[in-house]
Structure formats: structure tokens, C-alpha cells
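The structure appears right after this line, and notes come after that.
The values are calculated or read from the model by the stated rules, or taken from the named source; none is laboratory data. Just so it is clear, the structure is predicted and the values come from calculations on it, not from any experiment. Here the Cβ is made from the backbone with ideal geometry for all residues, glycine too, and neighbour counts use every protein chain on show. Only protein heavy atoms, including side chains, enter the accessible area calculation; ligands, DNA and RNA are left aside. Shrake-Rupley method; radii C 1.70, N 1.55, O 1.52, S 1.80 Å.
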Amino acid sequence: MTATDRAVQLVRTAAEAAADKLADDILAYDVSEQLVITDAFLLCSAPSDRQVRAIVDEIERRLREEAGAKPVRREGERDGRWVLLDYADVIVHIQHEEDRVFYALERLWKDCPLIALPEDVNAHSAQRRRTVGSASE
């Protein structure tokens, strides 16, 4: 079994929304073979609590307006360090970059297939790495 077309659509819309708010390292995994509770995970991070909240707000707005989707569950909003948005077909994790490194969800799901995201979704992350890399040289 693979992620449904609906799940892939939600993942791509959420990834584009996160990218619009300059989220870093956006990845999506097809977890449908491993879990019965959802088809896909979207992971992204940001360097500040405020930016995590802005990404959450944009993802919720875009999924509501473009896909008619509302989260069935939302966790972690108060702290703004790791917010989980559960859309049943897709679970979105927006993490502060320190928490992303510490919890390393990518390690847990590395055997699951990646879901292809629009090419420009991680353009901000790549640009940021180039800028940081050249500043440290």
C-alpha cells in the first residue's frame, strides 16, 4: 500500500505553505506501510518559536482554503517548540531546529519512501546553508 492521492496532495500543499514561511529541511515520508493511523508524515523546522508558530498558521490556512482540510488534532502549540498537526491522512511535525536535531525523526522513518515535493520547497534551506557556509570560511 502507498499513500493515497489525497495524502500526497495534502503533503505538497503543506510543504509549499511551510516553504512560504521559510521553513527549513522540509521532508515527507510515506509511512502507510508502517502505520495504520496515517499515510504520510511531513517534517520541517525553524530557528525560532515565533517562526514555528507562523509556519503552523500558514499550513493550517492553506490546507483549509485549498484542500478543505482541518486538523483533527493539534498538539504543542503553547510552547511553540514542536507542533503536531494531525489531518488523519497526514501528520505534520513543525519543530524548533534544536528539537529537530535532538529527536531526529528522520532516523525513525529513514526506511520509508520519501514523497517527492515541489522542487522549490527547500530552496530557502539550500540558500541559507550556502550563506552560512560562506560566512564561516
For S32, are the conditions met, namely being under 19 Å from V8 (Cβ atoms) and among the polar types (S, T, N, Q)? yes
Mind counting the residues in region 68-89 that are among the aromatic types (F, W, Y) and either over 14 Å from Q51 (Cα atoms) or outside any strand (DSSP E or B) (or both)? 1
State whether the residues of region 95-104 include one that is assigned to a loop (DSSP other than H, G, I, E, B) and either in contact with a Gly (Cβ under 9 Å, 6 or more places away or on another chain) or within 24 Å of V36 (Cβ to Cβ) (or both). yes
Residues in region 76-83: is at least one touching a residue at least 40 places away in the same chain (Cβ under 8 Å), of a type outside the set (K, R) and open to solvent by 60 Å² or more (accessible area, probe 1.4 Å)? no
Any residue in region 12-23 that's more than 9 Å from E58 (Cβ to Cβ) and open to solvent by 10 Å² or more (accessible area, probe 1.4 Å): show its pairings with residues that are at pLDDT 95 or above and basic (K, R) at Cβ separation under 6 Å, as long as the two are six or more apart or on different chains. T13/R62
Residue that is in contact with a helix residue (DSSP H, G or I) (Cβ under 9 Å, 6 or more places away or on another chain), open to solvent by 10 Å² or more (accessible area, probe 1.4 Å) and not in a loop (DSSP other than H, G, I, E, B), where the choices are R53, R107, R62: R62
